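The values are calculated or read from the model by the stated rules, or taken from the named source; none is laboratory data. Just so it is clear, the structure is predicted and the values come from calculations on it, not from any experiment. Counting neighbours? That spans all protein chains shown, and the Cβs are built from the backbone with ideal geometry, glycine included. Accessible surface is based on the protein model in full, side chains and every heavy atom, while ligands, DNA and RNA are left aside. Shrake-Rupley method; radii C 1.70, N 1.55, O 1.52, S 1.80 Å.
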Amino acid sequence: MPRPSTFSIVARDPEQDAVGVAVQSKFVSVGSVVPFASAGAGAIATQSFANVAYGPDGLDLLREGHSASEVIDELTAADDEAPQRQVGVVGTDGSIGAFTGEENFEFAGDIQGENYTVQGNILENPETLEAMADTYESVDGGLPDRLIAALHAGNEAGGDRRGEQSAALYVAKPEGGYDGANDRWIDVRVDDHHSPIDELERVFRVYDVTLLEREPPEEILELDGDTAEAVTAALAECGFYEGSSDEFGADERAALSDFRGANNFENHDLDVLEDALARGWNEAEGTGETRLINAIWHGISGRERA
């Protein structure tokens, strides 16, 4: 049985009351195996011949009031194969812990910092984990953005010795799920891809624009001039508009409204969507629908998630 090589980060954002895991592995559908999170308990990454019972059992122990390190002690003491395991735990109480069994293949290790732990096995070098920790501590943005940035940094510093295959991002916060009905705030997976972290970031941006809410802008910008013409051309390329225009009037707004409905962006008012396109168009890459979505993401990314 091949041993998967994996690196992950488990972290907590006390301001958002959120906990989450980001992970990459040379293993198909790593998101179905490694990450576990609960807004009422904490977050856990279980990897290296992962014992998936560590996830639900560990969350139960966190809910009972055990610290992260106590959870790890309980889980590994009851597991005869613990020397092969690796696990990272962050509790909503702020406790942090990690375990790397002595039978993990090199390079394997873990690093802890304030509100986070990074861990990995069969890595190219120790710098992979160092880069993840340094990046998580230094980059701006919310918890999901910092988690993805840490994955990118680890991969660029060396990453898995065996390569890339899948990646996942799972973040829980109270009433963070769809329509506030559960705590599954962010759940994005790439199961099999040649550049899974890049693809994870792309899919997350679509998820972010579609499902996550942002604080409204203090001032609403309108589309005009070259940007209005470019946005209208992109809407036309997608089949929502006929012709061209450098003004963004009623017909163009109707086309944008149709685009919003087709892509399930109803969590953004039409005025806010136009504002996002005005702010983000020049930063966005791609053409047609890809550019429109990227522009909206860039246009909203400076505002806090609600």
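See the values below:
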{"read-out": "Magnitude of the charge dipole, the chain, Cβ model with Lys/Arg +1 and Asp/Glu -1, debye to 20", "value": "960"}
{"read-out": "The range 247-284 residues near the modelled Tyr178 label - backbone nitrogen below 19 Å, point 7 Å along Cα→Cβ", "value": "260-268"}
{"read-out": "Fully extended contour minus Cα-Cα distance, from Glu102 to Thr210, at 0.36 nm per residue", "value": "34.5 nm"}
{"read-out": "Full-extension gain in nm, Asn282 to Asp73, via 0.36 nm per residue minus C-alpha separation", "value": "70.1 nm"}
{"read-out": "Over the range 115-162: Rg over Rh, Cα atoms, Kirkwood Rh", "value": "0.97"}
{"read-out": "Residues whose placed amide H lies under 5 Å from that of Ala18, excluding near-sequence neighbours", "value": "Asp13"}
{"read-out": "Residue of His194, His152, His66 that the Gaussian network model of the chain assigns the largest fluctuation, springs spanning Cα pairs under 10 Å", "value": "His194"}
{"read-out": "Rounded to the nearest 20 debye, dipole of the range 14-80 from Cβ charges on Lys, Arg, Asp, Glu", "value": "400"}
{"read-out": "Which of Gly176, Ala11, Ala306, positive extreme of dipole for the chain (C-beta unit charges)", "value": "Ala11"}
{"read-out": "Dipole magnitude (debye, nearest 20) for the range 113-204, charges at Cβ of Lys, Arg, Asp, Glu", "value": "200"}
{"read-out": "Top of Glu156, Glu266, Glu219 by mean-square fluctuation, Gaussian network on the chain, Cα under 10 Å", "value": "Glu219"}
{"read-out": "Helix 68-77 vs. the chain, principal-axis angle (Cα, 0 to 90°, nearest 10)", "value": "50"}
{"read-out": "Where N is the number of residues in the range 156-231, Cα Rg divided by 2.2 N^0.38 Å", "value": "1.53"}
{"read-out": "Probe 1.4 Å - accessible area at Ile220, Å² to nearest ten", "value": "80"}
{"read-out": "The chain: angle of helix 196-211 to the longest principal axis, Cα-based, in degrees nearest 10", "value": "60"}
{"read-out": "The range 185-192 - phi-based ³J(HN,Hα) in whole Hz, Karplus 6.51/-1.76/1.60, Gly and Pro as x", "value": "5, 9, 9, 10, 9, 10, 8, 7"}
{"read-out": "Computed over the range 64-172, Kirkwood Rh from alpha-carbon pairs, angstrom", "value": "14.6"}
{"read-out": "Among Leu62, Leu143, Leu270, residue whose mean-square fluctuation peaks in a GNM of the chain (springs only between Cα atoms under 10 Å)", "value": "Leu270"}
{"read-out": "Three-way shape label, the range 63-107, alpha-carbon gyration tensor, a/c 1.5", "value": "oblate"}
{"read-out": "On Cα atoms only, tilt of 270-280 relative to the major axis of the chain in degrees", "value": "80"}
{"read-out": "Segment Asp140-Glu219, extension gain: residue separation times 0.36 nm, minus the distance between their alpha carbons", "value": "26.2 nm"}
{"read-out": "Shape parameters for the range 1-137, alpha-carbon atoms, Rg then Dmax in Å", "value": "13.4, 42"}
{"read-out": "Ellipsoid equivalent to the range 10-87 - semi-axes via the Cα gyration tensor, in Å", "value": "20, 17, 9"}
